[in-house]
Amino acid sequence: MGIDKQRLAQYCASGRKQVHGWLNPVDAEMFLQILLLQDSLGIQGGTAEIGVHHGKSFIPLCLG
């Protein structure tokens, strides 16, 4: 099925600023690159995050 790369990239670049919490630009870029790599390798599966505050770093996991 693949991920919506444009939506994921947009969130990591600027959408994350609309959500309260902590996700630095470098961290967002790392999320983006890892998720794109997993997609290119066909890696699929569920996702989870321990300690979700407002979901700022959980959102890119779900988009991926």
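Side notes on the structure shown:
- Only protein heavy atoms count here; under a 1.4 Å probe, D39 has an accessible surface of about 40 Å².
- Debye log10 I(q)/I(0) at q = 0.11, 0.15, 0.17, 0.19 Å⁻¹ for the chain, Cα point scatterers: -0.22, -0.42, -0.54, -0.67
- Each Lys and Arg adds +1 at its Cβ and each Asp and Glu adds -1 at its Cβ; summed about the Cα centre, the chain shows a dipole of about 180 debye.
- Of L41, L32, L23, the one that fluctuates the most in a GNM where the chain has Cα springs shorter than 10 Å: L41
- With a simple spin-label model that places each label point 7 Å from the Cα along the Cα-to-Cβ direction, the separation between M30 and Q18 comes to 2.6 nm.
- Angle in degrees between helix 25-40 and the longest Cα principal axis of the chain, rounded to the nearest 10: 20 degrees
- Choice from G51, G42, G15 showing the highest fluctuation, given a GNM over the chain with Cα pairs closer than 10 Å: G51
The values are calculated or read from the model by the stated rules, or taken from the named source; none is laboratory data. Computed from a predicted structure; not experimentally measured. Because the Cβ atoms are built from the backbone with ideal geometry, glycine has one as well, and the counts that use them run over all protein chains shown. Areas reflect the complete protein model, heavy atoms only, side chains present, ligands, DNA and RNA absent. Shrake-Rupley method; radii C 1.70, N 1.55, O 1.52, S 1.80 Å.
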